[in-house]
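Enquirer: Structure provided below as structure tokens; questions to follow.
The values are calculated or read from the model by the stated rules, or taken from the named source; none is laboratory data. The shown structure was predicted, so the numbers you read here are calculated from the model rather than taken from an experiment. Cβ sites come from the backbone with ideal geometry, for glycine too, and all protein chains shown count toward neighbours. With ligands, DNA and RNA removed, areas are computed over all heavy atoms of the protein, side chains included. Shrake-Rupley method; radii C 1.70, N 1.55, O 1.52, S 1.80 Å.
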Amino acid sequence: MIDYQGHFEAAIEALHAEKRYRVFADLERIAGRFPQAIWRHDGEAREITVWCSNDYLGMGQHKDVISAMQTTVSAMGSGAGGTRNISGTNHPLVELERELADLHGKEAALVFTSGFVSNEASISTIAKLLPDCLILSDELNHASMIEGVRKAGTKKQVFRHNDVAHLEELLKACDRGRPKLIVFESVYSMDGDVAPIEKIAALAERYNAMTYIDEVHAVGMYGPRGGGISERDGVAHRIDVIEGTLAKAFGVLGGYIAGTKAVIDSVRSYAPGFIFTTALPPALAAAATASIRHLKTSQAERDAQQRQAARAKAVFAAANLPVMPSDTHIVPVHIGDPDLCKKASDHLLEKHGIYIQPINYPTVPRGTERLRITPTPLHGDALIEALKDALVETWNAVGIPFAAPMPANAARSRKITPLVVSQAGG
């Protein structure tokens, strides 16, 4: 007899043994009071502060977004009724795709049920439709991109993270007439670093390759209209396919790609991950459209987020907390041990009412375990100070090493030595 249950129990036990078993906190967001939430645990309910949400701008609580969702539910109901091939396309979804194409300056856009699905389905389909395609993938690409590369079934080569010299070596060694697809991210979600987009685009043009960029941790937050890093740097027109999410800065749900009509129509017509999945419900589409329209014209949220992220980095560094280098709104604080990372997260929640999910392997490489903090416009200065005090107390209580003490005349925004990382998801 095969002990099926025993295999699954052993798999879970292995995670416990490696100190990387994941526990999900039972949280209830409070409308109009983000980042406050209710934590339910052991039959009790307690108000806490969330410091690791990907609702980066608090748009999930914005009155225009909530109003659009409520109005559309009342008018059209809750569901989409099936796949778009069976049930047609609800009109709010048509409007959303037009809004997304305009956001990125592209001819067309296509919405999926999640960012993971949009990457997996789009990368694999585009590569399959190109004869003998070679995929060149950044070594720190997200798990959804890695899965899309794997499902393509074509040859792949991985270039060192953000290393344009290595990428050029690989491109130079490939036949110029062979189709090539370079897949990379703009903002890498665990370290907060940014890709050299202009240089990658230049290499693609020089060596006759297509480009596919994941902007999920940048859309809404960068660029004069929230089009991402590629818009901020003025290079969106040089990127063939821009992928993004509606679930982070836009505060709703779903993923998408934007590009030429031919590319978008090909993915729409060939990708199983699109064809055989129920469409995004009209209320979600309407809410996402309201969020995008607001952020196209409002800079206030972006400015406030950048201000609070910079302040958090400076305050934490001044307290000798090991803030990792980050060029963006993401504030990673290094711990380097999975057990201590989980203990720190638990201690912050139980003692201080602060929720920051531990980030362990395989999301980040072993030895780089961390707390990933994401200040938003709604995390005021008082909350930042309270978090700093809680982190210092936690570091002492749990026994986590601080960064080296700063000399009296050192810059207050000192960063710790960068860590060497390997393939990771986020």
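Enquirer: Taking the Cβ-Cβ separation of residue 40 and residue 155 as r and a Förster radius of 51 Å, what is the calculated FRET efficiency to the nearest 0.05?
Expert: It comes out at approximately 0.55.
Enquirer: For residue 114, list long-range residues whose amide hydrogen, built 1.01 Å from N in the peptide plane, is under 5 Å from its own amide hydrogen.
Expert: Residues meeting the criterion, in which the H sits 1.01 Å from N, are 255.
Enquirer: A further question on this structure: To the nearest 10 degrees, how steeply does helix 381-398 sit against the main Cα axis of the chain, on a 0 to 90 scale?
Expert: 70 degrees
Enquirer: Starting at the first residue of the stretch 85-95, write each ³J(HN,Hα) from the Karplus equation 6.51 cos²θ - 1.76 cosθ + 1.60 with θ = phi - 60°, in whole Hz, x for Gly and Pro.
Expert: Ordered by residue, 3J(HN,Hα) equals 5, 8, 9, x, 10, 5, 4, x, 6, 4, 5 Hz.
Enquirer: Still on this structure: Remind me, relative contact order of the chain in percent, using alpha carbon pairs under 8 angstrom and six or more residues apart?
Expert: Dividing the mean separation by the residue count of the chain yields 21 percent.
Enquirer: Also, I was wondering about something else. Please find, in a Gaussian network model of the chain (springs between Cα atoms separated by less than 10 Å), the residue of 185, 139, 350 whose mean-square fluctuation is greatest.
Expert: Looking only at 185, 139, 350, the largest GNM fluctuation is found for 350.
Enquirer: Need one number: nm distance between label points at residue 94 and residue 404, each 7 Å from Cα along Cα→Cβ, rounded to one decimal.
Expert: Once both label points are built, they end up 6.3 nm from each other.
Enquirer: Could you give each residue of the stretch 366-375 its phi-based ³J(HN,Hα) in whole Hz, using Karplus coefficients 6.51, -1.76, 1.60 with θ = phi - 60°, and x for Gly or Pro?
Expert: 4, x, 10, 4, 7, 9, 10, 9, 10, x
Enquirer: Moving to a separate point now. May I ask which residue of 129, 82, 96 lies farthest towards the positive end of the charge dipole of the stretch 58-155, with charges of +1 (Lys, Arg) and -1 (Asp, Glu) on Cβ and the Cα centre as origin?
Expert: Value: 82.
Enquirer: Tell me the angle of helix 338-352 to the major Cα principal axis of the chain, expressed in degrees between 0 and 90 and rounded to the nearest ten.
Expert: The answer is roughly 70 degrees.
Enquirer: Something else about it: I'd like the carbon and sulfur percentage of the solvent accessible area for the stretch 254-347, probe radius 1.4 Å, heavy atoms only, ligands and nucleic acids excluded.
Expert: Its accessible area is 55 percent carbon and sulfur atoms.
Enquirer: Also: About the Cα centre, and with charges only on the beta carbon of Lys, Arg (+1) and Asp, Glu (-1), how big is the dipole of the stretch 188-269? Nearest 20 debye, please.
Expert: Its charge dipole is roughly 220 debye.
Enquirer: Hey, another quick one. Starting from the amide H of residue 134, placed 1.01 Å from N in the peptide plane, find each other amide H under 5 Å away whose residue is 5 or more places distant or on another chain.
Expert: So residue 134 has HN proximity to 180, 181.
Enquirer: To the nearest 10 degrees, how steep is helix 282-297 against the longest Cα principal axis of the chain, on a 0 to 90 scale?
Expert: 80 degrees
Enquirer: Given the rule -39500 (n - 2.57) for each run of at least 4 DSSP H residues, summed and divided by the residues of the chain, what is its mean residue ellipticity at 222 nm, to the nearest 500 deg cm²/dmol?
Expert: -13000 deg cm²/dmol
Enquirer: When ligands, DNA and RNA are left out and all protein chains stay put, how many square angstrom of accessible area per residue does the chain have with a 1.4 Å probe?
Expert: Per-residue value: 43 Å².
Enquirer: Amide H neighbours of residue 354 under 5 Å, counting only residues 5+ apart in sequence or on other chains, H built in-plane at 1.01 Å?
Expert: 49, 349
Enquirer: If the only charges are +1 at each Lys and Arg Cβ and -1 at each Asp and Glu Cβ, what is the size of the charge dipole of the chain around the Cα centre, to the nearest 20 debye?
Expert: Magnitude of the dipole: close to 620 debye.
Enquirer: Can you compute 3J(HN,Hα) from phi for each residue in the stretch 144-152, using the Karplus curve 6.51 cos²θ - 1.76 cosθ + 1.60 with θ = phi - 60°, rounded to whole Hz and x for Gly and Pro?
Expert: Per-residue couplings from phi come out as 5, 6, 4, 5, x, 4, 5, 6, 5 Hz.
Enquirer: With springs only between Cα atoms under 10 Å, which of 129, 167, 96 fluctuates most in a Gaussian network model of the chain?
Expert: In this elastic network of the chain, the residue with the biggest mean-square fluctuation among 129, 167, 96 is 129.
Enquirer: I've got another one for you. Could you check the simple spin-label distance between residue 392 and residue 1, using points 7 Å along Cα→Cβ, in nm with one decimal?
Expert: Rounded to a tenth, the inter-label distance reads 6.0 nm.
Enquirer: At 0.36 nm per residue, minus the direct Cα-Cα distance, what do residue 311 and residue 28 gain on full extension? Give it in nm, one decimal, please.
Expert: So the chain would gain 99.1 nm between residue 311 and residue 28.
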